[in-house]
Amino acid sequence: MPPAVDGSRPGIYFANTFRADERYRYMAEVVAFHEAVPATTSG
């Protein structure tokens, strides 16, 4: 279930931790911010 627009119901973000030691830390931050910040819709 997606999060509520009014903030009354939180969303869920799953982080891929498979072979985390083989990834760059800055990419994890970039992906987390990209996925966690809700997009605005027009219309």
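Computed quantities for the displayed model
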item	result
Inter-residue pairs, beta-carbon under 6 Å, first more than 13 Å from Val37 (Cα to Cα) and in the stretch 4-26, second surrounded by 10 or more Cβ atoms within 10 Å (Cβ to Cβ), 6+ apart	Arg9/Pro3
Qualifying residue in the stretch 17-24 (condition: assigned to a loop (DSSP other than H, G, I, E, B), of a type in the set (Lys, Arg) and at pLDDT 80 or above)	yes
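The values are calculated or read from the model by the stated rules, or taken from the named source; none is laboratory data. This structure is a prediction, so every number in the text was calculated from the model and none was measured. Neighbour counts run over all protein chains shown; Cβ positions are idealised from the backbone, glycine included.
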